[in-house]
1. Taking chain A as a Gaussian network, Cα atoms linked when under 10 Å apart, which of A:90, A:13, A:167 shows the biggest mean-square fluctuation?
2. If I build a Gaussian network model for chain A, linking alpha-carbon pairs within less than 10 angstrom, which residue out of A:211, A:55, A:160 has the largest mean-square fluctuation?
3. Over the stretch A:1-98, what is the mean sequence separation of C-alpha contacts under 8 Å (at least six apart), divided by residue count, expressed as relative contact order in percent?
4. On alpha-carbon atoms, Rg over Rh for the protein assembly as shown using Kirkwood Rh?
5. Starting from the Kirkwood radius over alpha-carbon pairs of chain A, derive D by Stokes-Einstein at 25 °C in a medium of 0.890 mPa s and give it in µm² s⁻¹.
6. Average partner chain C-beta neighbours within 10 Å, per residue of B:12-22?
7. Can you show me the helix-derived [θ] at 222 nm for chain A, built from DSSP H runs with n ≥ 4 at -39,500 (n - 2.57) apiece and divided by the number of residues, rounded to the nearest 500.
8. What relative contact order, as a whole-number percentage, does chain A give when Cα pairs under 8 Å and 6 or more residues apart are counted?
């Protein structure tokens, strides 16, 4: 109630990254978006991963067919100041189950085009996305950014534009933990100039099972590593919700729907519901479309 | 489609969904390929500048020489950052995009120029030139109109043309109106493309079609109005009303002649009255609060004396 009365509401921009692929970034963005939307938030998903998996999962139209896509968030001068041009990038053709969710599609050309253009033409190549998202912040209740699995200029733009970030860690193997130190160092190096107020939400354990010894061990060692690093205020905490492992996640990706629609009583459905609730409360996210 | 009433198994359902997803993606990819197939990049090379000819579809009519020199200076300092785009023509290359850069390099006396060679047909050449240029603020409506005219035949419907160029349908008709203007107007436009905007192009075309427009009699008034626009004595919005006015004045000359005098009386910088004088009458207007009866009487007397003098003169 209070949030909706507040005219100065600025929506949080949550970036989800880890340069390791396959740790659950897209799954998290897609299902978190669906849960936020179901709870009455106006949600915008920005897909800056050239693999465009989030676009394909959420969107009813193949991302290749869009003439306007995330490239314009970095390279088109008009979108920097003109909200109408920016609005033209947002697509509302979403698959069933994604109520109140809009998205800006990615394209396989995104990385090449953006890197080439910004290196030559931009004075502040890391802050192009930020300039655009600032214009969109009062039109949505929450914005989610799906990042590519690379420490590229795209990721750099995402961490400069975000207000919060979380890092999914797949505990089913030791691999996604390996790159974590590099990632945190990169963020720590880049953000002081471009985004000093960036808040670390914590690590999100995915495909996690507390009953399997190796996963339990990885989670614990990961906790210790975070505490040793002391990079960000809040480092050392992991998110209070973790995502279980389930075959239904893959099934939902085939069916192009949120996991809630595939398996309503699945534990992963509940995990993302709980994660959404936790973030709604912690970040005081507005639910302006709540019936 | 299976004919039995058994529901498909979960595996079958997923298999068919995966197949559909795959087909959708392949279809989209081939659609995009087709969309892009008009133009395909071949390679980049350093070409003999003498082998290169300008693009016949270039919408830009006037190249500002100073701007070319400016660009030349920049190229001299930093080199040519962006290669120009050309395609193979009869015995050389034709510019698709980058005529200003080409002119600047020629100005600098370069003998070779860095270019990307495209394998493009005429239609694609026109499209590339137009899409490179159409949204530039320094291109006049006439030049955009020419460019749109060049590619108009490539589209079956105006809606497609409008979609491709990003202009509204009614704007497309305004731009295309330039082509329906008589040659003597086009001649003026070739020398000064900013003379008429797209709105006036459309208005002029319908004006020329009006029943009481007779070119042999009225052309001079149109030209006069053009001159006034060029001299900044007339704004574009008033062009057609001005032409109508000029024609009306010429056909029904008012008795009011050229010797009209109109002056103002001012006191401490404020208007307090006026003096006007034409073929019919002389009017002196003054705020009476500022004038003593004496002055008013002496004005009356002065006029009366002058009339008396005329009277006396006519007696002679």
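Bear in mind that the values in this text are calculations on the coordinates, not laboratory data. These numbers come from a predicted model, not from an experiment. Glycine also receives a Cβ, built like all others from the backbone with ideal geometry; neighbour counts cover every protein chain displayed.
1. It is A:90.
2. Maximum among the listed residues: A:211.
3. 22 percent
4. With Rg and the Kirkwood Rh in hand, the quotient comes to 1.17.
5. 129 µm²/s
6. Mean shielding count: 2.
7. -12500 deg cm²/dmol
8. Relative contact order comes out at 27 percent.
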